[in-house]
1. List pairs: first residue in segment 99-116 and within 13 Å of Ser225 (Cα to Cα), second residue among the hydroxyl-bearing types (Ser, Thr, Tyr) and modelled with pLDDT of 90 or more anywhere in the structure, Cβ distance under 6 angstrom, at least six positions apart or on different chains.
2. State the number of residues belonging to segment 158-174 that are part of a loop (DSSP other than H, G, I, E, B) and hydroxyl-bearing (Ser, Thr, Tyr).
3. For Phe140, all conditions in the list (1) part of a strand (DSSP E or B); (2) farther than 14 Å from Ser91 by Cα; (3) among the hydrophobic types (A, V, I, L, M, F, W, C); (4) under 12 Å from the mean Cα position of the chain (by Cα) hold save one; what is the number of the exception?
4. Quick check on segment 226-253: of everything there that is touching a Lys or Arg at 6+ places or on another chain (Cβ under 9 Å) and part of a loop (DSSP other than H, G, I, E, B), which residue is nearest to Leu145 (Cα to Cα)?
5. Of all residues in segment 178-190, which are under 17 Å from Glu159 (Cα atoms) and touching a residue at least 24 places away in the same chain (Cβ under 8 Å)?
6. Return a yes/no flag: does segment 234-245 have any residue that is exposed (fewer than 15 other Cβ atoms within 10 Å of the Cβ) and among the aliphatic types (A, V, I, L, M).
7. Checking Thr104 against (1) at pLDDT below 95; (2) not in a loop (DSSP other than H, G, I, E, B), only one condition comes out false. Which one?
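The values are calculated or read from the model by the stated rules, or taken from the named source; none is laboratory data. Model, not experiment: these values are computed from the prediction. Cβ sites come from the backbone with ideal geometry, for glycine too, and all protein chains shown count toward neighbours.
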Amino acid sequence: MIFNRTIGLLISATLFLSSCNEDKLSKNRSDFDYIEIKGDLEGTKQIEDFIKPYHNSTEVELDRVLSYSKRDLLTSRGTGLLESPLGNLLSDLVLEQANERYATIDNKKADFVVLNRGGIRTPISKGSITQRNMFEIMPFENTLLVVTITPEKMQELLEYMANSKGHPMSNIRLQIKDKEAINVEIGGKTYDKTRNYKVITTDYLQHGGDRMYFLSDPIAIDTLSYKMRDAMIDYFEKTDTVDVKLDGRFSYAK
């Protein structure tokens, strides 16, 4: 039966895949009409026959192998750990892909990445990494952007992280002691409490998602016009094999 619990994923994927070659999309207005459906929709063979070609082509594209993982890439959800292999991988690839794009804007470069633990919906199992995995991990249409924050907002960010259960980060290291962030390094350098920092994040978090309000009123916002899922796909397509381990970027002080 074509109509099943994966239909939402298939519809989202079809819309995404059918628009991959369109650089810019805009929607100025929307129209709709009510369509009355009579009878048993699930048993309507005409509808099944109509959808089947789209369903089949989408399934083939979703199962396309992008890369390979040498190990299970787990999330930190429900583990009590501050970092996770998949969280580290996603934040690292976002740093790489987003900074490549950001470099085209006056040759700029962001300092570090902050994502959210809850935004990573599923792990990746050892073996082939497919395009379907991208939609399962990131079913949201989150866009990457760069926010420039003040020293005061940066301090709020560190306080938030010190009192959280851990969120994916890249190019920043910190330890937590007595609910305070200590031994903070950004880009391999000691954290400077007097300077502004450029943070790569998602539009969801910039709008206060997960109560990250320190990102909500930045000095500047540079929109990269780049979906996080697109960044993931681009990275895995050019990376034959991934092998990720924890590196202590986010830990409790001993």
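1. Arg101/Tyr226
2. So the count comes out to 1.
3. So the condition that Phe140 fails would be (1).
4. Among them, the one singled out is Arg249.
5. Scanning segment 178-190 gives Ile182, Asn183, Val184, Ile186.
6. Scanning segment 234-245 turns up no residue that is exposed (fewer than 15 other Cβ atoms within 10 Å of the Cβ) and among the aliphatic types (A, V, I, L, M).
7. Single failed check for Thr104: (2).
Table: residues versus (1) out of contact with any helix residue (DSSP H, G or I) (no Cβ under 9 Å at 6 or more places or on another chain); (2) of a type outside the set (A, V, I, L, M); (3) in a loop (DSSP other than H, G, I, E, B).
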{"site": "Ile176", "(1), (2), (3)": "no, no, no"}
{"site": "Asp192", "(1), (2), (3)": "no, yes, yes"}
{"site": "Arg195", "(1), (2), (3)": "no, yes, yes"}
{"site": "Thr201", "(1), (2), (3)": "no, yes, no"}
{"site": "Asp210", "(1), (2), (3)": "no, yes, no"}
{"site": "Pro218", "(1), (2), (3)": "no, yes, yes"}
{"site": "Leu224", "(1), (2), (3)": "no, no, no"}
